[in-house]
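Worksheet: the structure to be examined is printed underneath.
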Amino acid sequence: MRTRYLILIAAFVAATGISAVEAPVRPVGNDWPPVIGAWFWKDDVLESQGHKTFLDAAATHTPYTLLSTSLRITKGEITDPLVRDQIGKAVGYAHTLGLKVAFDLDIRLARRAFRARYPDELQEELVLKTVEFAADGPAKVAFEGQDP
């Protein structure tokens, strides 16, 4: 029974000339609100053409018109010239594909640079930990922060 329906649908699509390629994936025109997707950069995006793989896929296979973008890299920080140059390349290339990019410029993405420039202005970290205390005596607990 299921096979009969699939054959019927395939015959209808073939007879009417409907093609998935003809239908746009993203909204056309300026009357639509942005369709927002998230793009988290890993180290491979810092390669010379590393930004193109995701952007090509997003432009071809998603309805996204605006990418909220943030770093999850280990090779640098947002203040590094290599990273800034790659952001410029990515934003320029995205524009040619009809995509906009909103880059996350949070100071926490430049911790090493901030620490070097403002060593007395660092954030403190609150660490919560569940501790089991023995009922018959004192207990000692040490809390250590995890600064990347």
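The values are calculated or read from the model by the stated rules, or taken from the named source; none is laboratory data. Predicted model, so just to flag it, every value in this text is computed and none were measured. Cβ coordinates were reconstructed from backbone atoms using ideal geometry, including for glycine residues, and neighbour counts include every protein chain displayed. Accessible surface is based on the protein model in full, side chains and every heavy atom, while ligands, DNA and RNA are left aside. Shrake-Rupley method; radii C 1.70, N 1.55, O 1.52, S 1.80 Å.
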| query | Among the candidates V91, V127, V101, which residue alone is β-branched (V, I, T) and more than 30 Å from D31 (Cα to Cα)? | reply | V127
| query | Any chance the range 114-123 includes a residue that's open to solvent by 100 Å² or more (accessible area, probe 1.4 Å), on the phi < 0 side of the Ramachandran plot and in a helix (DSSP H, G or I)? | reply | yes
| note | If we keep only residues of the range 78-100 that are under 14 Å from the mean Cα position of the chain (by Cα) and open to solvent by 50 Å² or more (accessible area, probe 1.4 Å), then the residue farthest from W32 (Cα to Cα) is V91
| request: Quick one: K75 ticks every box in (1) open to solvent by 60 Å² or more (accessible area, probe 1.4 Å); (2) part of a helix (DSSP H, G or I) except a single one, so which number is it? | output: (2)
| query | If you take the residues in the range 47-72 that are of a type in the set (A, V, I, L, M) and either surrounded by 14 or more Cβ atoms within 10 Å (Cβ to Cβ) or touching a residue at least 40 places away in the same chain (Cβ under 8 Å) (or both), which one is farthest from R115 (Cα to Cα)? | reply | A59
| Unmet requirement for L109, which otherwise passes all of (1) modelled with pLDDT under 85; (2) assigned to a loop (DSSP other than H, G, I, E, B); (3) not small (G, A, S) | (2)
